[in-house]
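The values are calculated or read from the model by the stated rules, or taken from the named source; none is laboratory data. A quick note: this is a predicted structure, and the numbers were derived from the prediction, not measured. Here the Cβ positions follow ideal geometry from the backbone for every residue, glycine too, while neighbour counts run over all protein chains shown. All accessible areas refer to the heavy atoms of the entire protein, side chains included, with ligands and DNA or RNA removed. Shrake-Rupley method; radii C 1.70, N 1.55, O 1.52, S 1.80 Å.
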Amino acid sequence: MAQKNENNNQVPVHVAVIMDGNGRWARKRGLPRLEGHRAGAKSVEAVMRACREAGVRYLTLYAFSTENWSRPRREIMGLMNLLVRFMNENEPELHKNQIRLRTIGRIEDLPAPTRFVLQRVMKATRHYDRYHLILALSYGARDEITRATRAIARKVKSGELNPDSIDEATISRHLFTEGIPDPDLLIRTSGEMRLSNFLLWQVSYAEFYVTGTLWPDFNEKDFADALADYALRQRRFGGVAERSQKPEVRSQ
(Lines give C-alpha, C1' and ligand atoms only; values in the text may rest on other atoms or scores of the structure.)
Protein backbone atom coordinates (compact mmCIF):
# COMPACT_ATOMS: atom_id res chain seq x y z
CA MET A 1 0.00 0.00 0.00
CA ALA A 2 1.44 3.36 -1.01
CA GLN A 3 1.67 6.30 1.32
CA LYS A 4 1.40 10.05 0.75
CA ASN A 5 4.39 12.36 0.98
CA GLU A 6 4.32 16.02 2.00
CA ASN A 7 3.33 17.10 -1.50
CA ASN A 8 0.40 14.66 -1.50
CA ASN A 9 2.06 12.52 -4.19
CA GLN A 10 1.91 8.75 -4.08
CA VAL A 11 5.13 7.28 -2.69
CA PRO A 12 5.66 3.51 -2.80
CA VAL A 13 6.29 1.83 0.52
CA HIS A 14 8.37 -0.89 -1.13
CA VAL A 15 10.54 -0.60 -4.24
CA ALA A 16 12.24 -3.63 -5.78
CA VAL A 17 15.04 -3.26 -8.33
CA ILE A 18 16.49 -5.62 -10.93
CA MET A 19 19.96 -4.09 -11.26
CA ASP A 20 20.88 -4.96 -14.84
CA GLY A 21 23.61 -3.70 -17.16
CA ASN A 22 26.85 -3.86 -15.17
CA GLY A 23 28.53 -6.12 -17.71
CA ARG A 24 27.44 -4.05 -20.70
CA TRP A 25 28.57 -0.87 -18.95
CA ALA A 26 32.04 -2.35 -18.50
CA ARG A 27 32.19 -3.78 -22.01
CA LYS A 28 31.34 -0.41 -23.58
CA ARG A 29 34.39 0.99 -21.80
CA GLY A 30 36.72 -1.90 -22.53
CA LEU A 31 36.86 -2.83 -18.84
CA PRO A 32 36.57 -6.18 -17.03
CA ARG A 33 33.04 -7.10 -15.96
CA LEU A 34 33.98 -6.73 -12.30
CA GLU A 35 34.61 -3.02 -12.87
CA GLY A 36 30.98 -2.73 -13.92
CA HIS A 37 29.93 -4.36 -10.66
CA ARG A 38 32.14 -1.93 -8.71
CA ALA A 39 30.55 1.01 -10.48
CA GLY A 40 27.13 -0.51 -9.81
CA ALA A 41 27.82 -0.48 -6.07
CA LYS A 42 27.89 3.33 -6.25
CA SER A 43 24.41 3.27 -7.76
CA VAL A 44 23.23 1.15 -4.83
CA GLU A 45 24.44 3.84 -2.45
CA ALA A 46 22.72 6.53 -4.53
CA VAL A 47 19.39 4.69 -4.56
CA MET A 48 19.60 4.03 -0.82
CA ARG A 49 19.95 7.79 -0.27
CA ALA A 50 17.11 8.53 -2.67
CA CYS A 51 14.82 6.08 -0.87
CA ARG A 52 15.40 7.79 2.46
CA GLU A 53 14.79 11.22 1.00
CA ALA A 54 11.57 10.11 -0.69
CA GLY A 55 10.26 8.13 2.27
CA VAL A 56 10.46 4.68 0.68
CA ARG A 57 10.71 2.29 3.63
CA TYR A 58 11.62 -0.98 1.88
CA LEU A 59 14.21 -1.43 -0.86
CA THR A 60 14.84 -4.88 -2.31
CA LEU A 61 17.80 -5.34 -4.66
CA TYR A 62 18.29 -8.36 -6.91
CA ALA A 63 21.99 -8.74 -6.16
CA PHE A 64 22.76 -12.36 -7.10
CA SER A 65 20.45 -14.97 -8.61
CA THR A 66 20.59 -18.75 -8.39
CA GLU A 67 21.43 -18.69 -12.11
CA ASN A 68 24.42 -16.42 -11.49
CA TRP A 69 26.35 -19.38 -10.05
CA SER A 70 26.99 -20.46 -13.65
CA ARG A 71 29.22 -17.41 -14.21
CA PRO A 72 33.03 -17.73 -14.20
CA ARG A 73 34.39 -18.48 -10.74
CA ARG A 74 36.64 -15.42 -10.83
CA GLU A 75 33.65 -13.13 -11.39
CA ILE A 76 31.64 -14.84 -8.65
CA MET A 77 34.42 -14.50 -6.10
CA GLY A 78 34.94 -10.91 -7.14
CA LEU A 79 31.24 -10.23 -6.54
CA MET A 80 31.34 -11.88 -3.12
CA ASN A 81 34.40 -9.85 -2.12
CA LEU A 82 32.71 -6.71 -3.40
CA LEU A 83 29.66 -7.50 -1.28
CA VAL A 84 31.81 -7.89 1.83
CA ARG A 85 33.52 -4.59 1.12
CA PHE A 86 30.20 -2.86 0.49
CA MET A 87 28.76 -4.06 3.80
CA ASN A 88 31.84 -3.07 5.79
CA GLU A 89 31.94 0.38 4.24
CA ASN A 90 28.22 1.08 4.51
CA GLU A 91 27.44 -0.38 7.92
CA PRO A 92 27.94 3.03 9.62
CA GLU A 93 25.35 4.51 7.26
CA LEU A 94 22.89 1.74 8.13
CA HIS A 95 23.22 2.59 11.81
CA LYS A 96 23.12 6.34 11.23
CA ASN A 97 19.89 6.12 9.27
CA GLN A 98 18.32 3.24 11.23
CA ILE A 99 18.27 0.86 8.27
CA ARG A 100 17.72 -2.82 8.89
CA LEU A 101 19.63 -5.20 6.64
CA ARG A 102 17.76 -8.31 5.56
CA THR A 103 18.44 -11.04 2.99
CA ILE A 104 16.27 -13.36 0.96
CA GLY A 105 17.47 -16.43 -0.90
CA ARG A 106 19.67 -19.43 -0.28
CA ILE A 107 22.17 -17.62 1.93
CA GLU A 108 23.69 -20.96 2.90
CA ASP A 109 25.12 -21.17 -0.63
CA LEU A 110 27.33 -18.10 -0.13
CA PRO A 111 31.02 -18.41 0.85
CA ALA A 112 31.58 -18.48 4.62
CA PRO A 113 33.31 -15.06 4.81
CA THR A 114 30.41 -13.44 2.95
CA ARG A 115 27.81 -15.13 5.16
CA PHE A 116 29.71 -14.07 8.28
CA VAL A 117 29.67 -10.38 7.37
CA LEU A 118 26.03 -10.44 6.29
CA GLN A 119 24.93 -12.22 9.47
CA ARG A 120 26.95 -9.83 11.61
CA VAL A 121 25.39 -6.73 10.04
CA MET A 122 21.90 -8.24 10.07
CA LYS A 123 22.22 -8.98 13.77
CA ALA A 124 23.58 -5.50 14.50
CA THR A 125 20.69 -3.78 12.65
CA ARG A 126 17.81 -6.12 13.46
CA HIS A 127 16.23 -3.72 15.96
CA TYR A 128 15.73 -0.97 13.36
CA ASP A 129 12.32 -0.59 11.73
CA ARG A 130 12.52 2.79 10.04
CA TYR A 131 13.99 1.57 6.75
CA HIS A 132 14.75 -1.88 5.36
CA LEU A 133 17.44 -2.86 2.84
CA ILE A 134 16.73 -6.34 1.50
CA LEU A 135 19.37 -8.12 -0.60
CA ALA A 136 18.25 -11.01 -2.80
CA LEU A 137 21.27 -13.33 -2.80
CA SER A 138 21.41 -16.76 -4.41
CA TYR A 139 17.75 -16.04 -5.01
CA GLY A 140 15.33 -17.53 -7.50
CA ALA A 141 11.55 -17.09 -7.31
CA ARG A 142 10.79 -20.59 -8.60
CA ASP A 143 13.12 -22.05 -5.99
CA GLU A 144 11.44 -19.89 -3.33
CA ILE A 145 7.96 -21.10 -4.29
CA THR A 146 9.15 -24.71 -4.51
CA ARG A 147 10.61 -24.50 -1.00
CA ALA A 148 7.41 -22.95 0.31
CA THR A 149 5.37 -25.73 -1.27
CA ARG A 150 7.54 -28.39 0.33
CA ALA A 151 7.27 -26.73 3.75
CA ILE A 152 3.49 -26.55 3.48
CA ALA A 153 3.32 -30.17 2.30
CA ARG A 154 5.32 -31.32 5.30
CA LYS A 155 2.90 -29.54 7.64
CA VAL A 156 -0.06 -31.15 5.89
CA LYS A 157 1.57 -34.57 6.14
CA SER A 158 2.24 -34.13 9.85
CA GLY A 159 -1.32 -33.02 10.49
CA GLU A 160 -0.24 -29.53 11.52
CA LEU A 161 -2.07 -27.94 8.61
CA ASN A 162 -5.45 -28.68 7.06
CA PRO A 163 -5.24 -28.60 3.22
CA ASP A 164 -8.60 -26.82 3.06
CA SER A 165 -7.21 -23.96 5.15
CA ILE A 166 -4.37 -23.18 2.72
CA ASP A 167 -4.83 -19.72 1.19
CA GLU A 168 -2.66 -16.96 -0.26
CA ALA A 169 -1.65 -15.82 3.22
CA THR A 170 -0.44 -19.34 4.01
CA ILE A 171 1.83 -19.34 0.99
CA SER A 172 3.13 -15.82 1.73
CA ARG A 173 4.08 -16.86 5.26
CA HIS A 174 6.32 -19.62 3.84
CA LEU A 175 8.20 -17.41 1.38
CA PHE A 176 11.59 -15.81 2.03
CA THR A 177 9.77 -12.46 2.23
CA GLU A 178 7.58 -13.38 5.19
CA GLY A 179 6.66 -10.21 7.08
CA ILE A 180 7.75 -7.90 4.24
CA PRO A 181 5.06 -6.02 2.27
CA ASP A 182 4.83 -6.81 -1.42
CA PRO A 183 6.61 -4.34 -3.73
CA ASP A 184 4.54 -1.43 -5.00
CA LEU A 185 7.06 -0.58 -7.71
CA LEU A 186 9.49 -2.77 -9.65
CA ILE A 187 12.32 -1.00 -11.47
CA ARG A 188 14.42 -2.73 -14.11
CA THR A 189 17.43 -1.05 -15.69
CA SER A 190 19.15 -1.66 -19.09
CA GLY A 191 15.89 -1.90 -21.01
CA GLU A 192 15.26 -5.63 -20.68
CA MET A 193 11.57 -6.56 -20.53
CA ARG A 194 11.54 -9.62 -18.30
CA LEU A 195 11.34 -10.56 -14.61
CA SER A 196 14.33 -12.93 -14.63
CA ASN A 197 12.86 -15.21 -11.95
CA PHE A 198 12.54 -12.36 -9.44
CA LEU A 199 9.73 -12.13 -6.85
CA LEU A 200 7.21 -13.85 -9.14
CA TRP A 201 4.62 -14.17 -6.36
CA GLN A 202 5.24 -10.81 -4.70
CA VAL A 203 5.08 -8.52 -7.76
CA SER A 204 1.65 -9.72 -8.90
CA TYR A 205 0.23 -6.20 -8.52
CA ALA A 206 3.41 -4.12 -8.63
CA GLU A 207 3.79 -1.29 -11.10
CA PHE A 208 6.67 -1.87 -13.56
CA TYR A 209 9.14 0.80 -14.60
CA VAL A 210 11.73 -0.12 -17.23
CA THR A 211 14.54 2.23 -18.21
CA GLY A 212 17.27 1.83 -20.81
CA THR A 213 19.81 3.30 -18.38
CA LEU A 214 22.49 0.79 -17.40
CA TRP A 215 22.66 0.19 -13.66
CA PRO A 216 26.05 1.88 -13.05
CA ASP A 217 24.63 5.05 -14.64
CA PHE A 218 21.41 4.95 -12.59
CA ASN A 219 21.39 7.78 -10.05
CA GLU A 220 19.14 9.78 -7.74
CA LYS A 221 17.54 11.66 -10.64
CA ASP A 222 16.72 8.41 -12.42
CA PHE A 223 15.14 7.10 -9.24
CA ALA A 224 13.15 10.31 -8.84
CA ASP A 225 11.91 9.90 -12.43
CA ALA A 226 10.71 6.39 -11.60
CA LEU A 227 8.84 7.66 -8.54
CA ALA A 228 7.31 10.49 -10.56
CA ASP A 229 6.08 8.02 -13.14
CA TYR A 230 4.68 5.79 -10.40
CA ALA A 231 2.80 8.73 -8.88
CA LEU A 232 0.85 9.09 -12.14
CA ARG A 233 -0.30 5.48 -12.12
CA GLN A 234 -3.77 4.51 -10.96
CA ARG A 235 -3.53 1.22 -9.09
CA ARG A 236 -6.79 -0.72 -9.30
CA PHE A 237 -5.72 -4.22 -8.14
CA GLY A 238 -8.14 -5.79 -10.59
CA GLY A 239 -10.97 -3.41 -9.72
CA VAL A 240 -12.50 -0.48 -11.54
CA ALA A 241 -10.95 2.96 -11.59
CA GLU A 242 -12.65 5.57 -9.45
CA ARG A 243 -14.45 8.27 -11.35
CA SER A 244 -12.67 11.61 -11.31
CA GLN A 245 -16.02 13.38 -11.18
CA LYS A 246 -19.34 12.64 -9.57
CA PRO A 247 -21.97 11.29 -11.97
CA GLU A 248 -24.47 13.82 -13.22
CA VAL A 249 -27.72 13.87 -11.25
CA ARG A 250 -30.74 14.14 -13.51
CA SER A 251 -34.06 15.47 -12.43
CA GLN A 252 -37.03 13.11 -12.52
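Remarks
- C-alpha center-to-center spacing [the stretch 70-86, the stretch 112-150] in angstrom: 17
- Here the extension length gained between Asp167 and Asp225 equals 17.2 nm, from 0.36 nm per residue of separation less the Cα-Cα distance.
- Between Asn97 and Arg130, the modelled labels are 1.0 nm apart [label points 7 Å from Cα along Cα→Cβ].
- For the chain, excluding the exposed loop sites themselves (GluC sites (Glu not before Pro), DSSP loop, at most 13 other Cβ atoms within 10 Å), the longest remaining stretch covers 7-159.
- For the stretch 107-215, the set of trypsin sites (Lys or Arg not before Pro) satisfying both a DSSP loop assignment and a count of at most 14 other C-beta atoms within 10 Å is given as Arg126, Arg130, Arg194.
- Surface analysis of the chain yields an accessible area of 57 Å² per residue, using protein heavy atoms and a 1.4 Å probe.
- Computed from the C-beta positions of Leu195 and Asp143, the FRET efficiency with R₀ = 25 Å rounds to 0.95.
- Label point distance in nm, Ser158-Lys28, each placed 7 Å from Cα along Cα→Cβ: 5.2
- The dipole here belongs to the chain: it is taken about the Cα centre, uses +1 on the Cβ of Lys and Arg and -1 on the Cβ of Asp and Glu, and is about 500 debye.
- Straightening the chain between Arg235 and Ser204 buys 9.9 nm, computed as 0.36 nm per residue apart minus the Cα-Cα spacing.
- Surface share of carbon and sulfur [accessible, 1.4 angstrom probe, percent] for the chain: 48
- Greater than 25 Å apart at Cα, pairs in Lys28/Lys96; Lys123/Lys155; Lys42/Lys96: Lys28/Lys96; Lys123/Lys155
- 19 Å cut-off, amide nitrogen to a point 7 angstrom out along Ala151 Cα→Cβ, residues in the stretch 177-199: 177-183, 198-199
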